[in-house]
1. Being at pLDDT 75 or above and surrounded by 11 or more Cβ atoms within 10 Å (Cβ to Cβ) is the filter; apply it to region 16-25 and report the residue that is farthest from Q48 (Cα to Cα).
2. Specify the residue that is surrounded by the fewest Cβ atoms within 10 Å (Cβ to Cβ); the eligible residues are those in region 31-66 that are modelled with pLDDT of 75 or more and among the aliphatic types (A, V, I, L, M).
3. Q72 is checked against (1) modelled with pLDDT of 65 or more; (2) of a type outside the set (V, I, T); (3) in a loop (DSSP other than H, G, I, E, B); (4) surrounded by 13 or more Cβ atoms within 10 Å (Cβ to Cβ) and fails just one. What number does that condition carry?
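The values are calculated or read from the model by the stated rules, or taken from the named source; none is laboratory data. Since we're looking at a predicted model, the values are computed, not measured. Counting neighbours? That spans all protein chains shown, and the Cβs are built from the backbone with ideal geometry, glycine included.
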Amino acid sequence: MAECQNPSGLMSRAGTPTDNAAMEFINGWIKAEIFMDLHLTGESPAGQEVAAYITFFNTARPAYSLKYLTPQQYKEAYAPKGFVTGVSAGD
């Protein structure tokens, strides 16, 4: 995480989220699914809710682009043995 007291310093130009459109898209998507589809209340710390969503996304949510498998199922079926992604919700 960026060690920064001014969050607007994380964008290349102040007030221009289009400079980081891919990340803004992912943030919006996660917010929509967490608060609308999963009906999470915000009572838990945000980090715990995002970690729970990542676990749900990787293990329980089938994806059209992955032949209606979850990312975990797709990896188990198609990744070479010993393949490591290097990303987990607990990091």
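1. The residue in question is N20.
2. Filtering region 31-66 for residues that are modelled with pLDDT of 75 or more and among the aliphatic types (A, V, I, L, M), the one surrounded by the fewest Cβ atoms within 10 Å (Cβ to Cβ) comes out as A60.
3. Of (1) modelled with pLDDT of 65 or more; (2) of a type outside the set (V, I, T); (3) in a loop (DSSP other than H, G, I, E, B); (4) surrounded by 13 or more Cβ atoms within 10 Å (Cβ to Cβ), only one is false for Q72: (3).
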